[in-house]
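Student: The structure's right below; bear with me while I get my questions together.
The values are calculated or read from the model by the stated rules, or taken from the named source; none is laboratory data. Because the structure is a prediction, the values reported are computed rather than measured. Reconstructed Cβ throughout: ideal geometry from the backbone, glycine too, with neighbour counts over all protein chains shown. These area figures cover heavy atoms from the full protein model, side chains too; ligands, DNA and RNA do not enter into them. Shrake-Rupley method; radii C 1.70, N 1.55, O 1.52, S 1.80 Å.
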Amino acid sequence: GELGELRRGQLRSLALMKLAQLPRRTASRLPRAAASLARRALSTQPASDDVEESVHDMLRQTCRDFVEAQVKPVAGELDQTHRYPAELVAQMADLGLMGVMVPEEQGGTGMDCLAYAIAMEEISAGCASCGVIMSVNNSLYCDPVMRYGTADQQEKWLKPYASGQKLGCFGLSEPGNGSDAAAASTTATLDGDEWVLEGTKAWITNAHDADAAIVIATTDKSLKHKGLSAFLVEAGTPGFSLGKKEDKLGIRASSTGNLIFEGCRIPKDSMLGPPGAGFKVAMSTLDGGRIGIAAQALGIARAALETATHYAQTRKTFDAPIAKHQAVQFLLADMAVRYEAAMLLTHRAANLKDAKAPYTKEAAMAKLAASEAATANAHACIQVLGGMGYVTEMPAERYYRDARITEIYEGTSEIQRLVIAGQLLKEMPA
């Protein structure tokens, strides 16, 4: 019957009973079904944390089952061949994972930021490349279009991206600026009814696979950061080209490259948000993006912990599993503490965003803790595995390479510390 089409273990309690009443759908639509269940339940009874928790649990299990069945078996090959995982991205779109926080009427899944963080962690535990592709489309593209776009812009630039039919990217960094986001040298000049873009954006994730980009450009140099504006630019627009696909240490199944604008003309109504709002668009977008990258790092940190723990219980030395050795136990204990602490920080930031409370400091804390946990756990995982951790037969060395970027993109660890300290000094004046 209809429930027979659903993957075993993906439905729990209330969901299992109610999904039978939904229109026919395959397991690939379960997160959307979960969102619908939550809304129906909340509309017929007082708000209940238990209902939301069951939806989050179901989403986690659905993503975990998908990762075990579809992602993990090919993650190593995707990394080694640097191949964009088009088939997995399409399946993630079917799962509703490319626009988790976007309302259903705008093409998304209509779930909350905590659900997004949970899904990001699960996908990234299987393949960090898939995780960052998902994160950029959700956090850096769909979220700002959802928050700043007009109704007409959302129809064209949000719906097909939130549904996963198309893929977006975000152009902020430049060859001459990284952490100094306000120093954008890319310009947008109004010429009649068109904006003319000139300049280059660097290190852009999804560059070679995206259908559109959000581009931050200077519209008035005299105003410095207040003279930045955001624009929506479609791939293939004359004057818009791509640089070489970067050969990276990690996250190698995702594309990274330059966006090059040479006399690129776009319609006047391509501006996202009001004139001069580009810096605000970028900074607010990065706050949310840091929750996504924290969740990606969590996935890597947990995968490293699970790999090390499993290996330690099966690998024997001196007639005993190495998990019996205190030195190995200490490594595993520290890995678990780092992961759990970072997870709590990440979920706190997501909950604050869902509550529409300030979360800049908490997102920076989460991103800092989770990224450093990912790197430390991947390092410890290799140490537990020894020689087996250094070869591609095991995923430990991939975790090590993938983890490193989480301390760099969407704000380096040093920038996170500056953000945290700046917020702290405002909260605790002398």
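Matching residues to (1) charged (D, E, K, R); (2) farther than 16 Å from A207 by Cα; (3) in contact with a strand residue (DSSP E or B) (Cβ under 8 Å, 6 or more places away or on another chain); (4) surrounded by 17 or more Cβ atoms within 10 Å (Cβ to Cβ):
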| site | (1), (2), (3), (4) |
| --- | --- |
| G243 | no, no, yes, yes |
| S255 | no, no, yes, yes |
| E262 | yes, yes, yes, no |
| G288 | no, yes, no, yes |
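Student: Here's a follow-up. All but one of (1) open to solvent by 10 Å² or more (accessible area, probe 1.4 Å); (2) of a type in the set (A, V, I, L, M, F, W, C); (3) closer than 29 Å to S413 by Cβ; (4) part of a helix (DSSP H, G or I) hold for A357, so report the exception by its number.
Tutor: (4)
Student: Can you confirm whether G227 is over 25 Å from the mean Cα position of the chain (by Cα) and either surrounded by fewer than 17 Cβ atoms within 10 Å (Cβ to Cβ) or not basic (K, R) (or both)?
Tutor: The answer is yes for G227.
Student: Given (1) in a helix (DSSP H, G or I); (2) touching a helix residue (DSSP H, G or I) at 6+ places or on another chain (Cβ under 7 Å); (3) of a type in the set (G, A, S); (4) open to solvent by 10 Å² or more (accessible area, probe 1.4 Å), identify the lone condition not met by G276.
Tutor: (1)
Student: While we're looking at this one, here's another question. Please tell me if K156 is in a helix (DSSP H, G or I), more than 15 Å from the chain's Cα centre (by Cα) and at pLDDT below 95.
Tutor: It is false that K156 is in a helix (DSSP H, G or I), more than 15 Å from the chain's Cα centre (by Cα) and at pLDDT below 95.
Student: State all residues of the range 162-172 that are open to solvent by 40 Å² or more (accessible area, probe 1.4 Å) and either in contact with a His (Cβ under 6 Å, 6 or more places away or on another chain) or among the polar types (S, T, N, Q) (or both); if no residue qualifies, say none. Break it down stepwise before answering.
Tutor: To start, the set of residues in the range 162-172 that are open to solvent by 40 Å² or more (accessible area, probe 1.4 Å) comprises 165-166.
Hit for the range 162-172 is Q165, nothing else.
Student: Do you know which residues across the range 60-85 are of a type in the set (K, R) and in contact with an Asp or Glu (Cβ under 8 Å, 6 or more places away or on another chain)?
Tutor: If the condition is that a residue be of a type in the set (K, R) and in contact with an Asp or Glu (Cβ under 8 Å, 6 or more places away or on another chain), then R60, R64, R83 are the ones that fit.
Student: I'd like the full set of residues that are of a type in the set (D, E, K, R), touching a residue at least 12 places away in the same chain (Cβ under 8 Å) and open to solvent by 10 Å² or more (accessible area, probe 1.4 Å), limited to the range 104-142.
Tutor: E104, D112
Rundown of residues vs (1) at pLDDT 95 or above; (2) open to solvent by less than 90 Å² (accessible area, probe 1.4 Å); (3) in contact with a helix residue (DSSP H, G or I) (Cβ under 9 Å, 6 or more places away or on another chain); (4) within 26 Å of A333 (Cα to Cα), yes/no style:
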| position | (1), (2), (3), (4) |
| --- | --- |
| I382 | yes, yes, yes, yes |
| G387 | yes, yes, no, yes |
| V391 | yes, yes, yes, yes |
| A396 | yes, yes, yes, yes |
| Y399 | yes, yes, yes, yes |
| D402 | yes, yes, yes, yes |
| I405 | yes, yes, yes, yes |
| S413 | yes, yes, yes, yes |
| A421 | yes, yes, no, no |
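Student: If you don't mind, another one. Out of the range 383-413, which residues are free of Cβ contacts under 8 Å to residues at least 24 places away in the same chain and more than 21 Å from V74 (Cα to Cα)?
Tutor: Once the filter is applied, which keeps residues that are free of Cβ contacts under 8 Å to residues at least 24 places away in the same chain and more than 21 Å from V74 (Cα to Cα), the range 383-413 yields G386, G387, I408.
Student: Follow-up question, since we're still on this one. Among the residues of the range 176-199, what is the count of those that are polar (S, T, N, Q) and either in contact with a Gly (Cβ under 7 Å, 6 or more places away or on another chain) or crowded, with 17+ Cβ neighbours inside 10 Å (or both)?
Tutor: Residues flagged as polar (S, T, N, Q) and either in contact with a Gly (Cβ under 7 Å, 6 or more places away or on another chain) or crowded, with 17+ Cβ neighbours inside 10 Å (or both) within the range 176-199 amount to 3.
Student: Right, next: Could you run through the range 310-328 and say how many residues are touching a residue at least 40 places away in the same chain (Cβ under 8 Å) and either polar (S, T, N, Q) or over 14 Å from G386 (Cα atoms) (or both)?
Tutor: 0
Student: Can you name the condition, by its number, that A303 falls short on among (1) hydrophobic (A, V, I, L, M, F, W, C); (2) within 27 Å of D180 (Cα to Cα); (3) within 21 Å of the chain's Cα centre (by Cα)?
Tutor: Condition not satisfied by A303: (2).
Student: Considering the range 295-306 alone, what residues qualify as being within 14 Å of N377 (Cα to Cα) and open to solvent by less than 10 Å² (accessible area, probe 1.4 Å)?
Tutor: Once the filter is applied, which keeps residues that are within 14 Å of N377 (Cα to Cα) and open to solvent by less than 10 Å² (accessible area, probe 1.4 Å), the range 295-306 yields Q296, A297, L298, G299, I300, A301, A303, A304.
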